[in-house]
Structures are given as C-alpha cells and as structure tokens.
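Taking it in order: structure first as structure tokens, then the write-up.
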Amino acid sequence: MLGVCGVGMAGVAYLLARRGWTVSGCDAHLNAWSGWLRASNVRVARGHDPLHLAAADRVIVTPAIPASDPELRAAREHGLPVFRRGDVLAELVSGVRGVAICGAHGKTTTSCFTARLLQELGAAPGWCIGGATAHLGGVAGWGGGDLLVAEADESDGTLARYAPAVTVLTNIDLDHLEHFDGEAALTACFASVVAGTREGVAVCCDNARADRVAATSAVPVLRYGLAADAELRAAEVRVEAGRVSFDVWWRGVPQGRLTLGVSGRHNAVNALGAAAAALLLGYEPEAVFAALPRACDELPGRRYECVADVQGIRIVTDYAHHPAELKAALAMARDERPARLVVVFQPHRYTRTRALGPEFPPAFAEADEVILLPVYAASEAPLEGGCIEDLYAWFRQAERGPETAAAGDAPRLGPRLKLARTQEEVWAYLRQTLASGDLAVIAGAGDVIGMAGLVREDLARGWPARRDPEGFEAALMALKGVETVPFGALARWSFYQVGGWARWRVEVADEAALAAVVRLCGSHGVTWRFAGAGANAWFSDLGEDGCVIRFAPGAFRGIDVRGDEVIAHCGWMGPALLDRLEREGLSGLEYLDSVPGTLGGWLAMNAGAHGGDIGMRVTWIRCLNQDGEIVILDPVDCGFSYRCCVGLRGCVALTCGLRLERATPKRVAELRQTVRAKRLPLSGLRCAGSVFRNPEDMAAGRVLDDAGCKGLRIGGACVTDFHANVVTADESATASDVLAVVMKMRGRVARHNGVRLTAEVSGLLCDD
C-alpha cells in the first residue's frame with residue numbers, strides 16, 4: 001500500500017489486516033498512524049523503494065501518489081494489479097451491509113456520528129472514516145458483524161463503484177474539478193452510487209443538487225435537513241455555550257428538543273444524517289432520537305479542534321477547505337462571540353482554487369482578519385488563476401479597502417487581508433497580536449496542520465509570556481546611542497512605503513551601539529535584520545518578529561579622501577556620495593547614479609548598471625558580523641559576483657575603501673549626466689527599482705515583458721507600463737499587494753518559458 005500512513009489509507013490497511021490479508025505499506029513520512037498500523041499487524045516502511053514490492057501480489061495506491069513514484073512504476077512494469085484506495089473500500093462496503101456517507105463536505109463528521117449512533121443503539125459496526133473521535137478510537141474499527149460505516153470519497157471517481165445497503169448524501173457542491181470534467185460529470189458520479197444503493201438513500205434536502213440526484217433512486221429516499229418539507233427536520237436551531245440544540249420533527253410529528261455536545265448549526269444537520277441512516281437500517285425512531293445526543297458529543301480531529309486556550313485566547317484548527325465548509329466553520333466561530341476573529345487559511349489544490357476562486361471571499365464574511373497561505377499543491381503543478389496570489393486578488397476585489405493605519409508608532413495591524421509566505425511567519429504574527437477574547441481559526445486541508453505544532457511548542461515554552469524574552473526589551477531600551485520603538489511602523493523605512501511593524505524598531509548612532517544591539521539579540525535568541533535606507537527592502541504586513549535596525553539619520557556618513565582612494569562610511573545615501581565625489585573630482589562610480597540606496601546597500605548587493613559594478617572599485621570593507629565583532633574583508637573575502645557580496649551576508653558594512661580615478665568635476669558631472677539620460681522615470685514613484693535579478697544571459701525585464709507582465713495590477717500594486725521589472729505601490733497599496741504582484745510575475749515567467757526568477761528586493765521572496 002503506497003502512502004499507507006495517510007488517514008484514508010491507514011483505515012483500509014487496518015480493515016484488510018483484520019480480514020486476514022497480509023498487508024504491508026510505505027510512506028514518505030511516518031506519523032502517529034504508523035505505530036497504530038504496526039500494532040494491527042501491518043508492516044510499515046519509510047520511503048518509497050521498488051524492493052518493497054518483493055512479496056506483493058497486488059498494489060493499492062492513494063490519489064496523492066504521483067505516476068512517477070518508483071514503486072508504482074515498478075508495479076506496472078512487473079504486471080502487478082494496481083487498485084485505488086476507493087476501489088478497495090467500495091468492495092469492502094458492497095460485500096456487507098454497508099453505509100456509505102458521501103458528499104462534498106460533512107462526510108467525516110456524519111460518518112463519526114453514524115458509527116457512534118449505531119454503537120449506542122447496541123450494534124457493533126465497523127468503520128473506515130477520514131478522521132477519528134476519542135470514543136471511536138482509530139480511523140477504522142472492526143465490528144465483527146455485517147455493518148460497516150464508510151466515508152466514501154468522490155475525489156477520484158471511485159464513489160461510482162459503491163453498492164451499499166444505505167447511502168447518506170450530505171450535499172453536492174462543485175469540487176474536485178481536477179478529476180471531473182464539469183458539473184455534469186460530478187453529478188453523474190453521485191447518481192451512480194444512488195443507483196447502486198440496495199435499501200435506502202438519505203439525502204440532505206437543503207442542497208438542491210443532492211436532492212435532485214436522490215430523487216432518481218429506485219429505493220426509498222429519506223429527506224432530512226432544515227427545510228420545512230423535510231421528512232426528518234431540525235427546527236428552532238440555537239447555538240449557545242458551545243452546544244447546538246434543536247427541535248426534532250419526524251414525518252410531521254414533533255419528537256422533542258435535543259441538545260448536542262458540539263457547536264454549529266451544520267452539526268445539527270450532520271446529526272440528522274446519522275439519524276436518517278439508522279432509521280433506514282430499521283431502528284425505531286424513539287430509540288434513535290434518545291441515543292442521538294450521546295452519539296454526537298464530540299467532533300473528529302481537525303473539525304473545529306481546540307489546540308490552545310490560554311489567557312482568554314482560543315486557537316482552533318479546522319479541515320475546512322471548500323467555501324461552504326469555511327462558511328459553516330466560521331459561523332461556528334462567530335457563535336463563540338470573540339472580540340476578534342482571525343482566520344488563517346491555506347487553500348488546497350490549484351484546480352479547486354481556480355474553479356472556486358470568487359466563492360471564497362464571501363465565505364469569510366464573519367472574519368475580522370484573514371491571512372492567506374500559499375496553496376497546498378497535493379501533487380498538482382501550479383496553474384494560472386489557481387495560485388495564492390490569484391485567490392488574494394479575488395479577496396482584494398471583494399474587500400472593503402485598507403483600514404487607516406494607527407497614528408504614530410502604534411502597532412499597525414493593517415487591513416483585514418494579509419498574504420503570508422510561511423506558517424512560521426504567520427504564527428510569529430499571531431503570537432504578538434492575539435489578545436484576550438480573540439479567537440484564531442487555522443483552516444485548510446494541507447500541511448497547515450503544522451501550525452498546530454508551532455502553537456503547542458510555544459505553549460510548552462510559556463507562550464504568551466515569551467513576547468519579551470527574559471527582559472530583552474528593557475535591556476535594549478537602556479543601551480546608549482540606541483533609539484528603540486516597540487512595535488514600530490516600518491512603512492516609512494521602505495521605498496514602497498508599505499509594511500507592518502517591527503517588534504523592535506531600532507536606530508543606532510554609532511558602531512558601539514550597533515555592536516551592543518547585535519550582541520544583545522544574540523544572547524537572547526532574538527532575530528535581527530538591517531534595513532539600510534529601505535531602497536531595496538520590503539516589509540511584510542505581518543510584521544517582523546525581532547529587531548529591524550538602521551543607522552540613525554545623519555550617522556555613519558564620514559568620508560576621507562586620500563589621493564585616488566576614498567574611505568567612506570556606509571551610511572551615505574548614494575546620490576549624496578556621488579555629489580561629494582563629483583566635487584572632489586573622483587570618477588569611477590558614475591554608472592551608479594541611477595541606483596537608489598546607501599553605500600552599504602550598494603556593497604551588499606554589488607550594485608551595478610551599464611556594464612559596471614561597485615565590487616570593481618572596492619579595496620576593503622570593514623563590517624560587523626552576526627556575533628557583534630568587527631571584521632575586515634579584502635576583495636577576495638568579499639566574493640563579489642552578480643548582485644551579490646558573499647562576504648557581507650549576515651553582516652553590516654560600516655566603512656570601505658574605494659579606488660577611484662582623478663578627473664575634473666566637470667568631467668564627472670558629464671559622465672553622471674550621460675547615465676541620468678538613461679535612467680528609468682522613477683521619480684515620485686513608490687518603488688524599489690528592479691524587482692528581479694537578471695537570469696543568466698537574459699534581461700529580467702525582457703523575460704517579464706514576454707510573459708505579459710506589464711500593467712499587471714493587484715490591489716494598489718502595479719507593474720509599470722514602461723518597464724516589466726518595476727512594481728509601484730499607490731497610496732492604497734499594502735505590502736501584501738506588492739507580494740501578490742511579484743508572485744504573479746514570477747509564476748507567469750515560470751509557466752511561460754520555465755525560467756525561475758530570483759528576487760533582488762530584500763526580504764520579499766523568502767525562498768530566494
């Protein structure tokens with residue numbers, strides 16, 4: 001079994017082992033299910049190796065296994081029969097008195113409720129479900145009888161192979177269009193399982209598509225839901241104190257009021273789905289309704305699962321990844337009446353994101369703040385229109401617009417919509433901004449679950465008390481020559497004039513102050529970043545969880561001219577330094593007249609233009625390393641290359657020596673004017689110049705232009721019409737707008753000609 005530790009595959013492996021099969025499997029990563037499987041006599045190996053097939057006579061694969069998998073290729077080369085997980089589960093369900101729970105969403109919860117209800121009614125059902133509750137134990141169980149409750153997945157079309165005794169159809173919404181060629185094909189798949197059902201079909205009649213499909217059944221149909229004409233109906237639904245209560249009506253007769261141990265209006269409907277299954281199996285209504293509250297007292301894992309409840313802050317995870325699921329989950333969250341509802345969402349699959357893009361923003365109407373993470377690919381290749389920047393654009397269009405930044409240097413929490421690059425940066429932001437009364441929902445079906453691990457790790461270390469580790473802030477504020485602003489706004493430190501806050505925004509007046517700050521950060525485990533003048537910097541809307549440092553205005557601007565050698569401090573702004581060199585009659589850096597930034601920034605990126613770069617003129621650099629120590633680099637140590645100075649990585653340039661040439665001031669001025677005539681019209685624009693470095697033997701601007709990037713706009717950020725490698729930000733722009741546009745640019749180029757562009761702007765794309 002390839003991918004045996006996945007939640008769906010683990011259940012099938014368990015059932016096969018209990019039925020007497022010799023079962024082995026492998027997975028790229030082992031998890032909690034691997035130990036459970038081994039205890040159930042399933043052999044589990046880590047990694048994918050064709051040698052695992054030595055004793056196999058058939059192979060079962062999960063949809064997540066790509067066709068290029070070495071074991072899968074070997075199996076087909078050797079003529080071994082290959083089955084999909086759904087094929088096997090369909091056979092298991094069809095061979096007994098099976099209950100197939102299917103639908104676009106709600107399957108896992110309804111399946112758990114159904115298995116638990118049958119237990120409460122005295123049956124001993126088996127089950128195979130994509131989630132587990134504490135009462136059920138694992139994702140699969142062996143009841144020993146002829147009842148088997150299965151969550152039947154439609155994603156790969158295997159749903160059509162089921163022939164259960166009872167089918168529960170929760171809903172049919174557009175999804176999995178990576179497999180189905182449109183709505184008709186998706187609906188036909190559900191119609192197939194209805195047609196194959198042997199005893200009865202239960203359908204949530206609140207969903208029109210599902211109701212129409214169920215009406216084609218040749219066996220009895222039980223319609224349940226909130227609709228007034230439902231045979232099994234919930235009325236007067238109320239959510240209070242984490243519980244949902246409702247009146248039950250059966251065939252027009254009231255059956256009393258039930259209270260479940262879970263929240264959410266949608267879970268009242270899920271409970272009715274379980275009751276409908278039991279009624280179709282022949283259980284008496286009175287017994288079913290009496291047992292229902294006991295059966296529906298907990299949700300399966302990652303279905304609104306609380307991972308933290310500390311100092312009035314609640315953090316929950318939810319598997320929701322379809323707009324309808326998200327709307328239901330966030331309605332449940334709003335029922336808790338939080339002071340602020342923050343939602344972190346990772347879309348699942350490029351195909352789903354592209355197909356349903358405009359439907360996502362309305363689903364987040366209950367949220368006060370939305371943070372989007374990159375799409376979880378699930379083995380798909382990126383698709384135009386299906387990437388996170390595309391979804392962000394849909395949100396941006398639907399948004400009310402950015403909020404006004406807080407006055408002064410107070411924390412700028414920014415607009416309600418933010419685009420993130422990593423889970424770690426999101427958690428760093430939440431750790432600093434969540435307050436008592438807030439509720440954070442982490443939603444998605446991909447690896448966003450990893451954020452729960454980050455939360456638990458910080459809880460173990462005493463979060464949220466670690467916002468100021470071991471009195472770091474007090475020590476920082478006491479340093480001489482250092483001006484510190486906690487939660488200082490960073491927008492004015494970037495030429496884009498966008499961005500959130502720095503946990504500590506720091507300006508240093510001299511070398512001693514800079515060294516003291518760097519050493520203090522090192523001793524307290526606090527990250528730091530040197531920002532320079534911000535000409536080549538971008539700051540996230542999520543802020544910077546650490547120190548962001550720059551030279552104080554007017555500091556680090558000394559200069560000493562010794563013949564044709566210049567010793568200059570690195571705080572000089574480039575244009576001002578060139579003015580000074582012009583007056584001194586020193587030539588050799590005129591080609592940098594069009595390059596913004598400080599001398600230190602020029603050195604760090606080996607700034608260049610018009611065939612020259614500054615590394616050609618450097619004789620030495622005096623810098624401060626990450627340990628707060630002074631280091632002298634010679635030209636070899638610097639390791640200059642295209643837009644790079646290897647020796648300065650992680651260091652701050654303080655002073656440098658430049659070997660220039662003597663000329664008249666008039667001649668230097670003429671050379672500078674020649675360069676200015678070629679300068680891009682960037683004056684007055686909020687931008688950082690070129691976004692991407694030139695690929696080898698190519699001009700980034702030309703590559704971007706060929707990919708159709710000119711004029712590309714998302715929110716307040718736009719690629720200029722005069723150069724495809726320049727992004728500007730208007731007054732409405734956010735840092736997330738800039739990031740989304742840049743991600744869109746890089747994606748278009750990659751899909752157009754296979755070139756992977758590398759960002760030149762500091763801090764923008766964290767994988768560069």
| query | Looking at region 652-768, what strands (runs of 3 or more DSSP E) fall wholly within it and have at least 3 residues that are of a type in the set (Val, Ile, Thr)? | reply | 726-729
| Exclusive hit being hydroxyl-bearing (Ser, Thr, Tyr), under 28 Å from LEU260 (Cα atoms) and either buried (at least 17 other Cβ atoms within 10 Å of the Cβ) or not assigned by TED's automatic domain parsing to the domain that holds LEU136 (or both), set TYR376, TYR283 | TYR283
| said: Among the residues of region 536-573, what is the count of those that are of a type in the set (Gly, Ala, Ser) and surrounded by fewer than 23 Cβ atoms within 10 Å (Cβ to Cβ)? | reply: 7
| request: Output the number of residues of region 633-667 satisfying the condition of being of a type in the set (S, T, N, Q) and farther than 21 Å from PHE530 by Cβ. | output: 1
| field | Every pair of residues 6+ apart whose Cβ atoms lie under 6 Å, when the first sits in region 694-716 and is at positive phi and buried (at least 17 other Cβ atoms within 10 Å of the Cβ) while the second is modelled with pLDDT of 90 or more and outside any loop (DSSP other than H, G, I, E, B) | value | GLY715/ARG396; GLY715/ASP737
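Quick one: count up the residues across region 197-223 that are in a helix (DSSP H, G or I) and touching a residue at least 60 places away in the same chain (Cβ under 8 Å).
Step one: list which residues in region 197-223 are in a helix (DSSP H, G or I), which gives 208-214.
Subset that is touching a residue at least 60 places away in the same chain (Cβ under 8 Å): 210.
The number of residues fulfilling the criteria is 1.
With a cut-off of at least 2 residues that are of a type in the set (Gly, Ala, Ser) and either at negative phi or not assigned by TED's automatic domain parsing to the domain that holds ASP447 (or both), name the strands (runs of 3 or more DSSP E) lying wholly within region 46-150.
Numbers: elements: 59-61, 82-84, 97-102, 126-128.
Hits in region 46-150: 97-102.
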| request: Considering only residues that are within 25 Å of ALA377 (Cα to Cα) and crowded, with 16+ Cβ neighbours inside 10 Å, look in region 180-200 and name the one that is modelled with the lowest pLDDT. | output: PHE180
| task | Within region 226-270, count every residue that is touching a helix residue (DSSP H, G or I) at 6+ places or on another chain (Cβ under 6 Å) and small (Gly, Ala, Ser). | result | 3
| query | Which of (1) outside any strand (DSSP E or B); (2) touching a residue at least 24 places away in the same chain (Cβ under 8 Å); (3) surrounded by fewer than 24 Cβ atoms within 10 Å (Cβ to Cβ); (4) in contact with a Lys or Arg (Cβ under 9 Å, 6 or more places away or on another chain) does LEU520 not meet, given it meets every other one? | reply | (4)
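Could we say that VAL526 is aliphatic (A, V, I, L, M), in a loop (DSSP other than H, G, I, E, B), surrounded by fewer than 24 Cβ atoms within 10 Å (Cβ to Cβ) and touching a helix residue (DSSP H, G or I) at 6+ places or on another chain (Cβ under 7 Å) here? Before you say what the answer is, go through the steps one by one.
Numbers: aliphatic (A, V, I, L, M): yes; in a loop (DSSP other than H, G, I, E, B): yes; surrounded by fewer than 24 Cβ atoms within 10 Å (Cβ to Cβ): yes; touching a helix residue (DSSP H, G or I) at 6+ places or on another chain (Cβ under 7 Å): yes.
It is true that VAL526 is aliphatic (A, V, I, L, M), in a loop (DSSP other than H, G, I, E, B), surrounded by fewer than 24 Cβ atoms within 10 Å (Cβ to Cβ) and touching a helix residue (DSSP H, G or I) at 6+ places or on another chain (Cβ under 7 Å).
Using the structure shown, decide if PHE246 is surrounded by 18 or more Cβ atoms within 10 Å (Cβ to Cβ), assigned to a helix (DSSP H, G or I), of a type outside the set (S, T, N, Q) and free of Cβ contacts under 8 Å to residues at least 60 places away in the same chain.
Spelling it out, it is not the case that PHE246 is surrounded by 18 or more Cβ atoms within 10 Å (Cβ to Cβ), assigned to a helix (DSSP H, G or I), of a type outside the set (S, T, N, Q) and free of Cβ contacts under 8 Å to residues at least 60 places away in the same chain.
Can you pull out every residue in region 207-222 that is out of contact with any Lys or Arg (no Cβ under 8 Å at 6 or more places or on another chain), surrounded by fewer than 20 Cβ atoms within 10 Å (Cβ to Cβ) and either within 16 Å of ALA276 (Cβ to Cβ) or not charged (D, E, K, R) (or both)? Give the derivation first.
Within region 207-222, the first condition is being out of contact with any Lys or Arg (no Cβ under 8 Å at 6 or more places or on another chain), and the residues that meet it are 207-210, 212-213, 215-218, 220-222.
Narrowing further to those that are surrounded by fewer than 20 Cβ atoms within 10 Å (Cβ to Cβ): 208-209, 212, 215-218, 220.
Of everything in region 207-222, those that are out of contact with any Lys or Arg (no Cβ under 8 Å at 6 or more places or on another chain), surrounded by fewer than 20 Cβ atoms within 10 Å (Cβ to Cβ) and either within 16 Å of ALA276 (Cβ to Cβ) or not charged (D, E, K, R) (or both) turn out to be ALA208, ALA215, THR216, SER217, ALA218, PRO220.
The values are calculated or read from the model by the stated rules, or taken from the named source; none is laboratory data. Model, not experiment: these values are computed from the prediction. Please note: Cβ atoms are built from the backbone with ideal geometry, for glycine as well, and neighbour counts cover all protein chains shown.
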